[in-house]
Structures are given as structure tokens and as C-alpha cells.
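Notes follow the structure.
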There are 4 protein chains.
Amino acid sequence: MISFANDYSEGCAPEILDRLQAINFEQNPGYGEDKYCLEAAEQIKQLIESPESAVHFLVGGTQTNLVAIAAALRPHEAVICVDTGHVNVHETGAIEAIGHKLLVMPGRDGKLVAEEVDQLVQDHIDDISFEHMAKPRLIYISNTTEIGTIYSEAELAALREVADKRDLLIYLDGARLGSAMTAKTADTTWTSYSRYCDAFSIGGTKNGLLFGEALVIKDPAWQKDFRYIQKQKGAILAKSWLIGLQYSEILRDDKYLKYAAHANRMAERLAESFVELGLELVDPACSNQTFVYLPLDLHHKLREEFIYEPGLEDAKNNRVSARFCTSWATKKENVDQLIQRMKELLA
Amino acid sequence: MISFANDYSEGCAPEILDRLQAINFEQNPGYGEDKYCLEAAEQIKQLIESPESAVHFLVGGTQTNLVAIAAALRPHEAVICVDTGHVNVHETGAIEAIGHKLLVMPGRDGKLVAEEVDQLVQDHIDDISFEHMAKPRLIYISNTTEIGTIYSEAELAALREVADKRDLLIYLDGARLGSAMTAKTADTTWTSYSRYCDAFSIGGTKNGLLFGEALVIKDPAWQKDFRYIQKQKGAILAKSWLIGLQYSEILRDDKYLKYAAHANRMAERLAESFVELGLELVDPACSNQTFVYLPLDLHHKLREEFIYEPGLEDAKNNRVSARFCTSWATKKENVDQLIQRMKELLA
Amino acid sequence: MISFANDYSEGCAPEILDRLQAINFEQNPGYGEDKYCLEAAEQIKQLIESPESAVHFLVGGTQTNLVAIAAALRPHEAVICVDTGHVNVHETGAIEAIGHKLLVMPGRDGKLVAEEVDQLVQDHIDDISFEHMAKPRLIYISNTTEIGTIYSEAELAALREVADKRDLLIYLDGARLGSAMTAKTADTTWTSYSRYCDAFSIGGTKNGLLFGEALVIKDPAWQKDFRYIQKQKGAILAKSWLIGLQYSEILRDDKYLKYAAHANRMAERLAESFVELGLELVDPACSNQTFVYLPLDLHHKLREEFIYEPGLEDAKNNRVSARFCTSWATKKENVDQLIQRMKELLA
Amino acid sequence: MISFANDYSEGCAPEILDRLQAINFEQNPGYGEDKYCLEAAEQIKQLIESPESAVHFLVGGTQTNLVAIAAALRPHEAVICVDTGHVNVHETGAIEAIGHKLLVMPGRDGKLVAEEVDQLVQDHIDDISFEHMAKPRLIYISNTTEIGTIYSEAELAALREVADKRDLLIYLDGARLGSAMTAKTADTTWTSYSRYCDAFSIGGTKNGLLFGEALVIKDPAWQKDFRYIQKQKGAILAKSWLIGLQYSEILRDDKYLKYAAHANRMAERLAESFVELGLELVDPACSNQTFVYLPLDLHHKLREEFIYEPGLEDAKNNRVSARFCTSWATKKENVDQLIQRMKELLA
């Protein structure tokens, strides 16, 4: 079975495995105090042009979100996020488990809208019982979003303006940051993130690493004592150099963005073919996740040969929304095979 | 200034103060192990016809909610509640602060709808990532609701059916339970609550006590070690007999319901007068909270002489929604004075 | 049975009940925004000569400790306390339940020793794995201590010096602050506490109030958004004016210290009599708690007529340590009756 | 510089890297639902002869401890551990951060003593304020211990007896379980752990894996919904098959124990040489950690060429305690080189 289930089905970029082989018996200090983490942190600071930022390496996405947010907030402070946000939907209440309320907004196309965030804070201030309500303090956004859309530079700038006006922090979950920067319609670059965010992650797990997320923290108060909190949540890998090494390799020669671009190109090929086949796309996705409505009949046959992520079946409309996810490792022939098979089944 | 701001503006039923005077120098054991708590617990168990229930006395409503829920749930278990629910809106994230996610539903008239709860659980089960989502486990409802509506016996029975089918617990926040049982359209009685809920509170603060909430727990697993958790949250009053004594007094001769009925009758007088004055009621309220739209002009003058709780001003429609709350202590002449003044201002 | 079990067996100072009667039907705003809380806060700020302090009113001691500490610390920061400290022994893990580790020290006579605290921080800094250990941040002390001893002005000054050197906060649990200031050997006064502590409580429950603790916060960062956190923990009484009124009354005409002095005088009478009877005192207690070793034989008879708090029986030495607690309400004739009965039983 | 700093300085067993290379482009389902995790879980259940156990794969040790304990306890329940226990000393308060108090005991040689645990529970029960104290519920032990000692089968059996008598759970942190089973004086085998523990971990990070801990849960209530809690704490690796594959490889042909035995043999060689050199061992260590007192002079020179973990310098006795740690990857020639150099420096 060929899988389009997600972007973390394969191992890692071959160059990384080669590096791991080469240094396997090298002795490195533990817990992130090694030369590879140092090197990768420097590479990142140069890319984002932010020498004052702190860079930490963590293992996974939910972990990165919860450690970052734990370090940022006092107990009564809340996280503003969109209803489809990963922290709201797919982290088993990880943020609530560290004590913080999510203030959930509908947003637009999976994205927070700056004016709506501004209004939410104004409404909080205007409420006579404001101290009886969790205090809006941190904006959580992800890029790409959970539905595959992307933030433009202007949208990030607008959120920054509201954040400055309202004393909010911006945290961007960049589990698919490479995909966000290499989407066809993207206008953000590495420095967009250091310019507009107080902290953001650069995802590795979904872009060619075995595992690993790099967390960039620009805000000085947020930086303070971060490693204590990282350790407390079980989030410093003993052999952290494994992550440092992977990042130092993937960031070399622009490989991080090249791999991401490949995933996007494969997705575009899929989306265009879906449309040609007469299928309706669900969302204005433009990155490596393609959401499409499949007739139930097609779906039931297709899933015998291909793996992808269906939503709940909609019997009334005789269809199901399905996510097809491409990655750094997706082979063009597999995409073509899927399309060919769909063509046959629809015929 | 005459206040209709809330139902906790005055002290307590005079009979209670007399009792406190009478026993002031009596020596009682601390932390709820006194004869008054014992007596009040027995009175409650008789009223609700549930000798197997445990009864605990706490100080306030938010405290009662958070201690009860802390005792019921494992870390990944979530609370189902309606968007206007007190735990969602006005407890500064108290439930999240003890680690639990709220699964917020729109409901209907401030109330959860049994079929919708059932569907929420079904959707959770059907989701391929169900372990990545907090697990629905406890139904939080309040009676009266935060918008003054009440649950019927049939509605409670329907929720119970879903709870049994889905292995959910039902917790009912009864901060205004007296008002719920004595509303004009009410059909629930004391035994409704022990029949349909796994735990519920009987509010004292808003119904004639200086302070105090009685928490009834029917579920045996929930009862276990409850006092440990109560103490851990700072929620056992050293002189708990103060609460026991107040309950033993207010429950005597049906005073609890009589006081509640008075509050409701005053509210009905208000609501009817509002309608006669040509004002529009906001909600189908039927208990001691009356929500009405006031023209901004009227509002600006009225609030110089009366205290009530306005929402955010709606300039577009030139009105504001305002809550007028009556209580066990509301004087009929004050109600009449308010109406008279509104009549003058509207003339 | 006459009880020396604790200092919260009776109701409250009669003047307070009279005040409650007088204002029972007055309408006051809720949640601490009333004139009585304001008045009492002003009285306290004048007594401690600290107009820049914030004063909040809470219901009980464990609650006050946990809310105060929740407002002060980031997740990785720990509380330094003595092994007998109330937060360590008798709050069912309340501080851990809000996420913070206790760094427990043996101390001396129930008190933290400044040099030992200094060394603890130095050891933390010197440890190569310091980020793998909770960070010492807040000194928790209580006055009087849990074993009835008191801090001198010099001891508080020494702790302050270490706190300043080490960037630590000092929080003093003053559940028995009156007793600490009126003990025979006391040299602290109201201003000692505002001078040396960043925050401290002034206990009401054990000194003539029905209930209530006043929390004074001097540190500006600690003050910020305190009421949000207080609400989140269920720790703002709806009718907070009940606490404000009680404090405004007990602080008038120095009654707070007069009641405390009475409790201490009764304890001294007890301690002197115990020694005269040939019994050995356990601790160098000098306030309203007297710890004495009772022969098991005496204990078994005595407890049929009097209530006090025994420790675990020590069969080997044929004795039990027992706490006799006096209070603002202890009657001299009851003390004399106890001593007389012990004399008879020992004869 | 040659390092004896710890047992996680190198990468992994070469066989493992070869396997990772071989399957790098295989597509596997995420989050532990792959064939390698399944295979490794089966291997473990066979080794420990416990088909009813659940096996989960996590990334690191602190993470495993905190997720396991979060899944086991209600809020008021406490963890019994020895003062040197990893959860007490080197996890930045991770257990307190999920809300639970540690009840810390001195133990003996870094190990809990069954009779002392029994007495601790009895004292809790006997205390008149027992509900004001966290409830002892889970025994945390580690094997090897943090000071390199090991539990005998009889010691585990004794703890089990107390656990059964007192309704306690036993959790064993097996970060160095291989070392514990292959120490010269060891009498435990794989089945010892499934026989005496309710849950235990089998450490990979320190025994030949890149990373990974296998958690075995025997207790059915503890097993329930475990993956929800694992996800909530950010502790399910997206590409969990990486851990499954590593375990399936290291458990093949008894390699897990062979690697561990190598580490122990190297440590014994070190310890014997230290004694021959006239140095004093600190602890009765018998596994892969050797604690020795070094004269300060020797230490200052030695650390220019070798890396190891010194404690705080003891100027009074002109010595420092130092830990030398060997591992699956320690080369005999490096051990010999260290000893040779010490000999020269001591000459």
C-alpha cells in the first residue's frame, strides 16, 4: 500500500543517516551542550538574522508547544487560537494540562484574523467581570495551518501590530514551516518569523529529519531559565546532539527548503489532478496537505490500495473529505499511480 | 443606590445570624467533623432520598466546581459544557488550571442537549486520532443556567440516558438550585437531582446564607478520598460548622425553597413590568435573573440610581442587554421603585 | 468536654457578630470591591507603614498559601521551607498540586536558618546539573511556627539579607501572626513584616474572626494580576465584605493584638503549670501552642475529659507528646480546671 | 579527551544503525501503531513472561517517569521515594509539576527499605490529620539506583509484600535495568520485574539505543487510556517505529544484556584499579557507575585529560567525590589509559 497518510511516514534525508553513521562513536556531552546543537543554533540565527535569539532543540511538536507555552505564561494567562488549531484539537488537552485556558476563535481559512484578536482583547477589558475570565496573553498560530493554508507577511505583520498594542506574545508553531515558506503563494522568508514572532518553531519531523523541532525564542523574558522548564517536562533529549546534527545537516545548502518545496510540488500535482478528475477541493490549501471530497464509492475502493486520512463519512452528501499528505520523501511515480488509479475507478 | 446587581449583595437570613449568635462560644471540632455538618448532611440526604450519598460543605461556587471536578477526572478526561457555562466563562480558567479541557458546545437556551452530547462522544470515537483528543468524560450543567433558564425533569433524564450509554459522569452546579426548583415552569424536585446526577451542589451563597455550598456525591468512586482533595485545594473551612449550621437552619421548615421562591416571584414581577413598559426580554429566562434590552438613553440615566449588570453596549442597535437579579432579600418596594422610575424615564 | 484542641474551636469576637447583625441587609458589591475591604486594607497599610502594599482578603490559611505562591512562581521555581512547615506537612500537597517542588530543610526550632538557606542556593549554583534541579526561589516561613516558636527581628533581617543576595522572595505565613507579636520573648512589630517580607498573611481564623486571612503583597511583580489567580483558585469570597468588615473591626483599638496576647498569657499559665507538675515540655514554645510530654497513663485518663491533640504514642518511653492550644476565647477557669484535674490524676 | 561522564555519550549499537539504514524509505504508520513497536512489545512480553502486560515506547527517562506516574495517581496521591531518587533530585520537579508530592525517605544504600515504607504508611494512618497529608500511594524505585547499587530479588519481594498490604503501586525506573541484571552480585532476571512491579521501564538510552525507553504496565487500571496521557505530555514520538525497531534489534540474541554486561565489566575493572591505586570508593556500587574519592590535586590534573562527573569539592578533607561511568561503548583501552595516567599522576 502506498501511503499519503502524513508527512512523517519515512525515516530521514539520506545525508543525515550518513552523518549519524560517521559520528556514531564520537563522545558528545549530553542535554544539548554539544558542538552540533551549537552549530545548528548558529546556522538558524544567521538564517533568521537574529543573533539575540535563543535556540533550543526538542523532540516533537506537541512537546515543543507545551514547553514553550509553559515557559511563557503565568497561571491565569490564556492562549488565543483558531478552532482548528493543533493545540485545540490534536494534543489531548496538553495546554490545559499545564494549566492554561484556550480562547478559541473561528478565524478564517484556519488562520487568526488580527482585527478579531484585537476585538477579543477589547471585549475582555470592557467586561465588568474581566478578572473572572482568563486573561488573553499569547497568540498561537501555526504555519502552515492545520488545514494547509499559509499566513502572508502582511497577515503576520497585522498580528504583530495587535500584539504590540495589546501586550500579547506571538508563538508560531512551525511544524510545517518549510512547507509554508515554499508554497506557491508564499511571501514569507526566514526573517519574517524572527521579525513578527516572539517565539516560533522550525519543524524537523515533517521535513526530512528522523525527529526534532528547533524552537527559537526572541523575547528575553521568555528565554530566561528555559532549560529548567524543558527538563521538567521531560523534553531535553539526553543525546540532544542527535537533533543538533540533523539540523546542522538539513540547514546546509538550503536543503531544508528544497525538501519542503518538493513536498509542495507533489501536492500541487495532486490538487491539479483532482480538479482535472472533477473532484472538489475542500479548502483553499496551497501547501503539502490537500483536502478533497471523495464520492463514498470511490473512497471505499481507493482505500484498499492507498492510505490517506479520511474525515467522518457524510452519507447525506454521499462523500467524505480526505486528506492527502505529501512529504520530502514522496515519489512522483506514487503520485502518478494514485491519480491513474482514481481515473480508472471513476471511469 | 438600590442594587439588582446580583443575588449575593446582602448578608443572610436573620434566623441564621441568630443561630450564630447563640452558639458563638460553643467549642466545635474543625474541618467538617462537627455535629452541625453531620445534621445538615442528614437533612439533605433525607430531602434527596439518597442515604448512600456523601455530603460535603464548601465555601464558594468556583471552589466547589473545581474541587468536585478534580476529584472525578483522570488527567486526559474532559468536561462537556455549554458555551455560556460558568466554568467556561467566569472562573478564570479554574478547570483548565487543574488540568482539564472543556469541550464547549453551543447547546440551546444555555442548556446542553442530550442528543448533541451523544453525537459529540460518537464523533470522538469515530475519529482516527481519538487518542490525540481529550476524552469526553463529565457533563457539566448548571441549574438554573447562567442565563436564567432551567432544566426540566425530562431534559435531565435524557442527559442521564446518554451518560449511562457513554460512560459519562453528570455534575450539576446548583449555585441557584433553589431558584431552579421554584421557577414558575419548574417540574424538578429534590429527588430529581439525586436521581439523574452523579454529583451536584446545593447553593447557599445566593440563597440566604452568608456563604456556603453543599456538595452531594452519589457516585462511590467519586466519593473516595474526597476530603483529601478538598483540603489540597484549600477548600475545607477550618470552622466548617459555620456552614453546617447555616444549612441545618435554612433547610428547616422548607426555608431554602421559600427564600428561592421569593426571589423568583420578584423576578417575575420585574419581567412582566418590563414587557408592559414595551421592553424586549433577551432570553426566555424564568428564574431570578431577568435579561432585558435597554435603550442606551434609558440605561445611561437609570444607572445613576440603580445598580444592575449591563453587557457590552450595542451602539448599532442603540441598546444594551442588562441583567436584573433578584434574591431572597429583594424588597418588593424596591422592585416597584425601579419600575416606577423606568416608567418616568421612558415617558 | 473542654477543648484545647486548637485555636479555631469557637466563633468570633462578639464585636464582630454585632457588626454583622448591624449591616446584614446592607447591599454591598461582591468579590472584594466593597467599602469594608477598602477600609480594612487601609488600616493594615497604616499599621505596617507600607502604603504601596496590596492587601487581599481570603478565606483560609491553606488557600492563602497556595494562591500567594501560585502568583509568585514560574513552573520550575521551588519553595524553600523547614520540614515541619505547614505547606510541607498539613496541606495535602497543596503546593505540589499547583506544580511547585518544596526544598525541605531541617532548620532549627521549626525555623529556617539564614546561613543554611544561603548554602542551599550556593550548592544549587555549584551543581553541574543545576538545570536538572528545581530552582530555589521562594522562602516560606511561618510565624509563629508550627511548633509554636517565633522569629526574632534579627532572624527575619538575616533571611532578608540572604533573599536579597540570592534573588529570593520571602513569604511569611502569619496564620498566628498576632501570637507571634505578643509572645513573651517577641521583638517583632507590625512594621517588621513589611520591612523583611515580600508578602505575608495576617491570620484571622485563629485570632477572633469567624474566618479570613489578610494577604499583604509588597513586591510589585507579585501584586500584578493577583485577583485573576485568586479567582482561578476559587479563593475570592462572593461576599468578601464579610472578611473586610471583620478585619476592620478586629484591627480597631488594637483588638487584634489584645486577643492574641490573651491566648499567649493562657498558654504561659499552662506551660508554667505543666513544669510545676513535673512534666517535660517538648519544644521551646513561647506562644499559644504548648507541647508537653504526657505519661501514657495520665494521657489515657485525661482525654476522657479534655480535648487536645496527641502525637503518636511512644510506648518505649511510656509517653506521648501532646499539644495544648489556647486562643482568644480560652477561659482562665478552663485552664485552671485542666491543671487541677492533671494534679489529681498525677497524685 | 576521553569521557567517562555518563553512559549516553555515544550513538548506538552498530546493528541498530544498519537497520535504520535498511528501512529508511519504508512507510510506517505513526504514533506507535507500527509493526516494529508491535514486534518489540511481543519480545518484551515473552522475556518477562507477562502476556497481559501493556508495553509503550517513550523517548527519555524523565518523560517516562512523569507520564507513567501521571497515569497512575489521583491528585492527592503521593510518591514514596528515596532521597537520592532521580525523581527527587534530577528532574527539575517533574513529578510535582504534574501535581504530586514526593514523600522522601533516607532509605539505605540508595534503596527504599520495605519495613520503613510500611511504617510510613502506618504513621499516615495513625495521624489524626491524615486527610491533611498527601496519601502514600506509589513506590518509586530505580534499578540500578542513582548511586549504582542494585535491588536483590528478596528486596523487591519485600517491597511487593508491603505494597499488597498497603494498597500501594510499585513503579521501577529501569533506565539502567540492563546494568542491574548483569551486575556481579545481581540475582534478578527479566521475570523478577514483571513479578514484583506494577509498572517498570526498560531503559534504552543508556544501553545501546540512540534513545528510547520501553514502559511495561502490568496493572490493568494503570493501562487504561495510557496513550491519551502519553500524547498529552508530548510523549508519543511521531515516528515511534524508530524506537520499536531499536528495541526489536537490541532484544534479539540477548544483545540488551550483553551490552549491559560489558559496561559493568569495564566498571569493575575501574573499581579494582582504583582500589589498587589506594583510592577509597564512595559507595558500595556494583554496576556501571563507580564513585571514588579523588585527592584534589589528582582531580585538577586528571580533568585536563579525562571527562567525568565530580561532586562539590571538599576542601576540608582535600578530596572530591567523582563518578566514572562506563557504557556499552566503553573501550577497554580507554579504561586502561585512564588508570595508567592516574598511576603516573599519583607517583
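Computed values, structure above
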item: Chain A shape via C-alpha gyration tensor axes, a/c threshold 1.5; result: oblate
item: Cα-based shape type of segment A:9-163, given that a ≥ b ≥ c are square roots of the gyration tensor eigenvalues and the cut on a/c is 1.5; result: prolate
item: Theoretical ellipticity at 222 nm over chain A - DSSP helices of four or more residues, -39500 (n - 2.57) apiece, nearest 500; result: -12500 deg cm²/dmol
item: Inter-copy separations for D:K165, label at 7 Å along Cα-Cβ, nm, ascending; result: 4.7, 5.0, 6.9
item: Cut-off of 10 Å, at most 12 other beta carbons, DSSP loop: longest stretch of chain D lacking such GluC sites (Glu not before Pro); result: D:53-279
item: Partner lysines for D:K218 [C-alpha distance under 23 Å; skip if fewer than 8 residues away on the same chain]; result: B:K135, D:K35, D:K45, D:K111, D:K135, D:K165, D:K231, D:K233
item: DSSP-loop trypsin sites (Lys or Arg not before Pro) across segment B:155-204, with at most 14 other Cβ within 10 angstrom; result: B:K184
item: Distance between segment B:60-95 and segment D:210-235 - C-alpha centres, whole angstrom; result: 26
item: Per the axis that maps chain B onto chain C, nearest residue of B (Cβ criterion) and its distance in Å; result: B:V59, 3
item: Unit charges on C-beta of K, R, D, E only; dipole of the protein assembly as shown, Debye; result: 0
item: Dipole of segment C:189-298 [Lys/Arg +1, Asp/Glu -1 at C-beta], most positive-end residue of C:A214, C:Q232, C:T191; result: C:Q232
item: Local net charge near D:S9, Cβ-Cβ under 11 Å (Lys/Arg +1, Asp/Glu -1); result: -2
item: In segment B:70-155, the trypsin sites (Lys or Arg not before Pro) that fall in loop regions by DSSP, at most 15 other Cβ within 10 Å; result: none
item: Top positive-direction residue, dipole computed over segment D:190-347 with Cβ charges, set D:I243, D:F291, D:F274; result: D:I243
item: Percent accessible area from carbon and sulfur atoms, chain D, protein chains only, probe 1.4 Å; result: 50
item: Given charges at beta-carbon only (K, R positive; D, E negative), |dipole| of chain B in Debye; result: 620
item: Span from the segment A:1-54 Cα centroid across to the segment B:274-301 one, whole angstrom; result: 63
item: Label geometry 7 Å along the beta-carbon vector: A:P284 inter-copy distances in nm; result: 3.9, 7.3, 7.6
item: Probe 1.4 Å - accessible area at C:H132, Å² to nearest ten; result: 20
item: Label spacing, shortest first and in nm, from B:R252 to its equivalents in the remaining copies (7 angstrom along Cα→Cβ); result: 3.0, 8.1, 8.6
item: Shape of segment B:205-330, Cα gyration tensor, a/c cut at 1.5; result: prolate
item: Lysine pair count for segment C:239-337 [Cα-Cα under 28 Å; pairs on different chains or 8 or more apart]; result: 9
item: Debye, to nearest 20: dipole size of segment A:151-251, +1 on Lys, Arg Cβ, -1 on Asp, Glu Cβ; result: 340
item: Chain A: most fluctuating residue of A:F211, A:F306, A:F324 per GNM, C-alpha cutoff 10 Å; result: A:F306
item: Average Cα contact separation per residue, chain B, under 8 Å, 6 or more apart, as relative contact order %; result: 24
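The values are calculated or read from the model by the stated rules, or taken from the named source; none is laboratory data. Quantities reported herein were computed from a predicted structural model and do not represent experimental measurements. A quick note on method: Cβ atoms are made from the backbone with ideal geometry, for glycine too, and the neighbour counts reach across all protein chains shown. Keep in mind that these areas ignore ligands, DNA and RNA; they rest on the heavy atoms of the full protein, side chains included. Shrake-Rupley method; radii C 1.70, N 1.55, O 1.52, S 1.80 Å.
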